């Protein structure tokens, strides 16, 4: 596992591909109370780029990449990450792919759709979640924290490839794409106070 820590933004000359895995670390789960601390990225080359947010969080290079319509952003539980990116970086991530949604559509033989379970089943690797609830706002992050942050994006390309095969096999590729296309709207609804309301319900 290799990673590079970037303070404040990505370098302007970073080499991109047409697909990037993305994850975030925050101070908590409330967009009203908690803030974005890290954005992790991997271009499928076994290396992670970790952007540590600094005061002001302008991040023009990161924002340009996340908004690029020619680059598919792969998330696990995109709904939350997209919401925090929308709030703190004022970026709508499109197009997107969510491995949690894809997993729920095709791995109907299990109730385990967390990243750890997906990595274990689809890549035969094991990742630690020990640092999940740690202080991501700390100015000096530990090596264990950085390794954890990197692990959240390093396997998403491989997982996507395996899930795509399963979606095609089960005839659910279109359903997955419709779900992914809805995610920017879902993130906006969460951010504006409609997170617990089913707007499609009769009453």
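Throughout, read-outs are computed from the coordinates displayed, never taken from laboratory work. Small disclaimer: the values here were computed from a predicted structure and weren't measured. FYI the Cβ positions are ideal-geometry reconstructions off the backbone, even for glycines, and counts take in every protein chain you see.
Would you mind telling me the antiparallel percentage of the DSSP bridges in the chain, rounded to 5? If you can, show how the numbers build up before the last one.
Values: 11 of 23 bridges.
Beta bridges within the chain, antiparallel portion: roughly 50 percent.
With 10 angstrom as the radius, rank 192, 99 by how many other C-beta atoms surround their C-beta, starting from the fewest. Working shown, then result.
Working: 192 10, 99 25.
Result, fewest neighbours first: 192, 99.
Reducing the range 125-203 and the range 9-84 to their Cα centroids gives an inter-centroid distance of 12 Å.
Sorting the segments 60-71, 142-153 by their residues' average number of neighbouring beta-carbon atoms within 10 angstrom, most packed first, yields 142-153, 60-71. Neighbour counting of Cβ atoms within 10 Å sorts the residues 30, 103, fewest neighbours leading, into 30, 103. Gyration tensor analysis over the Cα atoms of the range 1-90 returns equivalent ellipsoid semi-axes of 20, 14, 13 Å (largest first, whole Å).
Going out from 0 in 10 Å bins, what whole percent of all Cα-Cα distances in the chain drops into each bin? Histogramming the chain at 10 Å steps yields 9, 36, 38, 16, 2, 0 percent. Placing a label point 7 Å from the Cα of residue 158 along the Cα-to-Cβ direction, the residues of the range 108-132 whose backbone N falls under 14 Å of that point are 116-128.
Protection proxy ranking of 3-9, 193-199, by the mean of other Cβ atoms within 10 Å over each peptide's residues and highest first, is 3-9, 193-199. Please compute the Kirkwood hydrodynamic radius of the range 91-203 from all pairs of different C-alpha atoms, in Å with one decimal. One decimal place: 16.3 Å for the Kirkwood radius.
Per-peptide packing, taken as the mean over residues of other Cβ atoms within 10 Å, places 156-169, 80-93 in the sequence 80-93, 156-169 from highest down. Counting alpha carbon pairs within less than 8 Å and at least 6 residues apart, what relative contact order, in whole percent, applies to the range 45-202? The normalised contact order for the range 45-202 reaches 29 percent.
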